[in-house]
């Protein structure tokens, strides 16, 4: 709500509902006004298409257990919804592997990743501040230079996870 208030694009009243607030927040994230530029991963992607990708991520999670999903499921949902080309354009914007681009998109919007399967994910430089990664599978994930301030890693599988020192955590350790 603070972002919506600061932007001044939404008039708050007793009739303002969550849909209006969420719509304004998605618009703000798409525009990235605070950064002064649009993220390269969504350059050339219309706002409506950006929101469609987010909808498919949400549907993939909902069709899973309601809280988590996999990169493969997201790709399948996009394929089945004729968004394959759009997802590919988004992924090319990261100039990374597909798993990294989808994972970065998910972590940008969904900070509650309880039980998330992020095995082998490239989260280098990701902003995970305050994220709930309790019981998440981060085996072999790359968290170099990621913002981990206030992250909940209780019970997370950190085997082989790469942190700042680029040394994978052994299977006996449970905390970074």
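Screening 92, 47 for residues that are modelled with pLDDT of 85 or more, outside the structural domain of residue 124 (by TED's automatic domain parsing) and touching a helix residue (DSSP H, G or I) at 6+ places or on another chain (Cβ under 9 Å) leaves exactly one candidate, 47. Here the stretch 10-25 is the region considered, the condition is being surrounded by 14 or more Cβ atoms within 10 Å (Cβ to Cβ) and over 24 Å from the mean Cα position of the chain (by Cα), and the residue that is farthest from residue 47 (Cα to Cα) is 16.
Results for (1) at pLDDT 70 or above; (2) crowded, with 16+ Cβ neighbours inside 10 Å; (3) in the same structural domain as residue 160 (by TED's automatic domain parsing), shown as yes or no for each residue.
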site	(1), (2), (3)
55	yes, no, no
74	yes, yes, no
99	no, yes, no
119	yes, yes, yes
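Restricting to the stretch 146-176, give me the number of residues that are exposed (fewer than 13 other Cβ atoms within 10 Å of the Cβ) and at pLDDT below 85. Looking only at that region, the number is 9. Kindly evaluate residue 15 against the criterion of being outside the structural domain of residue 115 (by TED's automatic domain parsing) and modelled with pLDDT of 85 or more. It is false that residue 15 is outside the structural domain of residue 115 (by TED's automatic domain parsing) and modelled with pLDDT of 85 or more. A residue that is more than 23 Å from residue 65 (Cα to Cα), at pLDDT below 85 and in a loop (DSSP other than H, G, I, E, B) can be found somewhere in the stretch 128-138. Residues being modelled with pLDDT of 80 or more, outside the structural domain of residue 133 (by TED's automatic domain parsing) and within 25 Å of residue 119 (Cβ to Cβ) are entirely absent from the stretch 22-40.
The values are calculated or read from the model by the stated rules, or taken from the named source; none is laboratory data. Just so it is clear, the structure is predicted and the values come from calculations on it, not from any experiment. With ideal geometry, Cβ positions are generated from the backbone for all residues, glycine too; neighbour counts draw on all protein chains shown.
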